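The values are calculated or read from the model by the stated rules, or taken from the named source; none is laboratory data. Keep in mind that what you see is a predicted model, and the values were worked out from it rather than measured. With ideal geometry, Cβ positions are generated from the backbone for all residues, glycine too; neighbour counts draw on all protein chains shown.
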């Protein structure tokens, strides 16, 4: 059972794999000699020439697997036009790729006059064998056989027997191959190694604690990608037979053909390994499960790296590395550069803003540098000066551009040159950072393969209770950080070991962004309860720290890109030294962006769009003014709505032939259920949208977008909108200033009295409650004493005393000869506030008139009784009597009532109730607005509820009201 569980865990690790690593190869083309001593090729397949370039595909015999299985590599030779001999370039692909991955580059350099040999590495595509991760005994030995093949070709220039004039170039997996081959074979004349490793152990198990040689946490997401690429390429192999061969389905880059599982697979664990060497695969799977490498795995990874032989490289070498690379960081290129410097080998270092997480923004410059390097050294040129700058680095991409400025220095400074100190604010007490049981949830500070997007992902990284942040003071001058910043932390833990993740962020307001999506893991041994100081080397890269900016060092207990401890732990973290130490450089700007100024173009486009909109609006106004003449007969009527119709693009007719008017001194309530068309009507009355037909006139002037008469209108529609950082007073002043009218016309004091905000008026609006913002919005609508005031749900968010205080304000405002239109769902408030109502349903006006008239009723009698005991005799006297349509009671002990709807004369109804013995203290005919509203809505509904109004008359009004309430 334990073995089965272990296999299942391994299955989960392998199944987590996603897309394979992309091959990225930077190469160049030039001229040089040749020799002979062939490896044994199979019968070649000649591919038709293209642009004078001839290609030949052939399977080449290389060394066998450890079990003796013969292995052949799938190769392609590109021959340039013209007579030779020519210098050669051996191109290596990235992990998961094949010879097809570098076909474009190979054809380009062959067209320039260079013989190019590409190949599919052992364990991939149609080549045989298994993946050993650039083992000196297998993949690097294969490289020597390929040099033998080039040395045997008559088209290749030779420096001696079997010694081709050759450069080796590759990226990632191919970059390490190029360095390692140059370290063991002196026939290599030039090397270009891009985005690759120095030590695979420190790449996959990075350790950010300065001075520590212990492996750090495992890069689990990148590890999953290695397995994915292996399984994806585990098919179509024709270059091997027996256990070490492979057949099966291939990935798109393999160039292979179909199949099933690796040959020789004897267990589910072997199947999960794809075409990996099974021993190496199991070691990697164990590390993925535990988060720690075994000594055997560490030894293998150290050996399968340029590090052991980098000091033996004599070929001039160009190292190209990405500044935003979460797989192989700049520290790996720095270690390779240090090894080359120790050997006295000519070399140059180039940092691009790309890497495994994203392409360089200057690919042309990077390719030119590689081409120049290879051309120079394959031509046999021997000068003291390097053909490219000794050190080139890319600055962060500025705003308004698409490409990174490129700077150069005459010498490579390493990662810790020109150190300066940025003060950090020491917190009053240490932060407590928890590691949750099981290591979940996990912070997300970077996503392998997505690059530095400067998106607002800080909240995904700084999980509450699982992170600590240390901010710098505001920088008084600009700094260009080039290399590895460092910070000294003090850690006190409940455990004997702490695993932490440290990253650097630029603070913007209350949030923070990463210029580079990079994280440093730290694993440090501790004594529980005792503080331990540790110096953390943050990821090496290039940052632009502008004057006036603040920077943040973020420490988290988990990170989704790495395996993290599953045991719960609490760490107290503070600054051992309140400084961020940063390396700086001032290089010469060798090339800056010549791309489009995207921000300026966007702004120009927006301005052009705005101008076009203004022009269109002006034309529209002219057309509408011509079409809708001033109505002098409406000059004294504040608002006239005439036959409005509005149909939306989906065919829904929101407003259907709506007509009504509002006179001076009126407070008009616009009522209707949801979807009745109230808001659409109000938006047309304000000129916010254009009706399909019909018109709106304010004081005789037609209303349309941009109408001058709208300057005599105030409105609060669909909630207020304010600038949150300004005070309430400043918002009102800014709003009025935007109208361009004189300040003395604003009547600001009257509006402030309406708001009734007191001292809060001079506080930022972001501190206001919803009700306070609503009152400020009403005050804003009343600025300038508009002659027509539109208010949409004005009491929304107000408490009962504030609602009561608003009634006399609106009524007294209308009493000055102005007009107020209120849209509201609070029928009781409309009844107490408004003088007139307009009721809409299904896009039409179903009734309108003075509130007093609508509430009066000839067929309704309301009895106010002395006590609840009088309800029963009154109901008994009326129920079932001729002409009585309905009897409704309200058994409120404080005010019991009986409401009767009858066809009989009111006197007869009153006599019947009094004779029943009920104690009557009042008789009236007034209904509540809710009854009127629900009644007219109900009577406007047809049997199907479609608003047709063609009902059959059956059923009481009360029953219809119940149906409406149910809806």
Which condition number in (1) closer than 27 Å to residue 829 by Cα; (2) assigned to a loop (DSSP other than H, G, I, E, B) is the one that residue 661 fails? (2)
Does any residue of the stretch 159-174 turn out to be surrounded by fewer than 24 Cβ atoms within 10 Å (Cβ to Cβ) and under 15 Å from residue 63 (Cβ atoms)? no
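A quick yes/no check of all residues on (1) within 13 Å of residue 676 (Cα to Cα); (2) free of Cβ contacts under 8 Å to residues at least 60 places away in the same chain; (3) in the same structural domain as residue 783 (by the TED database):
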residue: 813; (1), (2), (3): no, yes, yes
residue: 819; (1), (2), (3): no, no, yes
residue: 826; (1), (2), (3): no, yes, yes
residue: 831; (1), (2), (3): no, no, yes
residue: 834; (1), (2), (3): no, no, yes
residue: 839; (1), (2), (3): yes, no, yes
Scan of the stretch 373-390 for residues that are touching a strand residue (DSSP E or B) at 6+ places or on another chain (Cβ under 6 Å) and either farther than 17 Å from residue 588 by Cβ or buried (at least 23 other Cβ atoms within 10 Å of the Cβ) (or both), ordered by number: 373, 374, 377, 378
Among the strands (runs of 3 or more DSSP E) confined wholly to the stretch 741-843, which include 3 or more residues that are over 18 Å from residue 718 (Cβ atoms)? 836-841
Check on residue 80, more than 30 Å from residue 274 (Cβ to Cβ) and modelled with pLDDT of 95 or more: no
Take residue 314 and tell me if it is more than 22 Å from residue 106 (Cα to Cα) and surrounded by fewer than 24 Cβ atoms within 10 Å (Cβ to Cβ). yes
Considering residues of the stretch 857-896 that are free of Cβ contacts under 8 Å to residues at least 12 places away in the same chain and more than 17 Å from residue 921 (Cα to Cα) only, the residue surrounded by the most Cβ atoms within 10 Å (Cβ to Cβ): 879
Scanning the stretch 832-848 for residues that are over 16 Å from residue 665 (Cα atoms) and in contact with a helix residue (DSSP H, G or I) (Cβ under 7 Å, 6 or more places away or on another chain), the one surrounded by the fewest Cβ atoms within 10 Å (Cβ to Cβ) turns out to be 847
Which count do you get for residues in the stretch 622-674 that are at pLDDT below 85, farther than 17 Å from residue 845 by Cβ, crowded, with 17+ Cβ neighbours inside 10 Å and assigned by the TED database to the domain that holds residue 692? 0
How many of the residues making up the stretch 564-592 are under 28 Å from residue 407 (Cβ atoms) and either buried (at least 18 other Cβ atoms within 10 Å of the Cβ) or modelled with pLDDT of 60 or more (or both)? 12
Listing of strands (runs of 3 or more DSSP E) fully contained in the stretch 330-436 that carry 2 or more residues being modelled with pLDDT under 95 and more than 21 Å from residue 318 (Cα to Cα): 419-423, 431-435
